[in-house]
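Throughout, read-outs are computed from the coordinates displayed, never taken from laboratory work. Source: prediction; values computed, not measured. So basically every Cβ, Gly included, is an ideal-geometry build from the backbone, and we count neighbours across all protein chains shown.
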Amino acid sequence: TATTITLVAMDGYEYSLDGEDWQTSNVFENLAPNTEYTFYQRIAETNTHYASAISEKLVVKTIKHTAENPVAPETLEITATTITLVAMDGYEYSLDGETWQSSNVFKNLAPNTEYSFYQRKAETETYYASEISAKLVVNTYISGNVNNDDEVTLDDVVLLAQYVAGWD
């Protein structure tokens, strides 16, 4: 696991992490995640014979922790071209559930467009990335510059009123 390594138990054997301190248990606990450890074994000393020489080393690496699945992201701010999600420490964010970014801000979006957002706990040295969250569906606002001429004018207001009224 991320914090325990269990070696195959053999009757009459003892086990060590450093080749000096020995234990009868084949289980080593409270280890660090994603870390290599070197193990040894030997036949334990008894009343009739000395302990054997130590075995060759066995190198085993603990795995990373599995992160808990996150909840769906929440929006902090919405504009016509930018959506900002609530930032979560150690998380990353996605528009498609495949491409991830550390920033919780998505810029250069199209006005009046529906987007789906996801989040997950980012992979670290000791944790795997979590599964992705449920999606959050958000619409960007309608831009004041409806006709995309780089100015907000009376023409934009008329077009917006026609849109709200349901006219083409």
Dipole check, the chain, charges on Cβ (K,R +1; D,E -1), about Cα centroid: among THR48, GLN119, ASN108 the Cα furthest to the positive pole belongs to THR48
Between 0 and 90 degrees, rounded to the nearest ten: what's the tilt of helix 154-165 against the longest Cα principal axis of the chain? 70 degrees
What's log10 of I(q)/I(0) for region 32-104 at q = 0.11, 0.15 Å⁻¹, Debye sum over Cα points only, no solvent? -0.56, -0.73
Per residue, the convex hull enclosing the alpha carbons of the chain has a volume in Å³ of 138 Å³
Give me the dipole magnitude in Debye, nearest 20, for region 1-154 about the Cα centre, with unit charges on the beta carbon: positive for Lys and Arg, negative for Asp and Glu. 200 debye
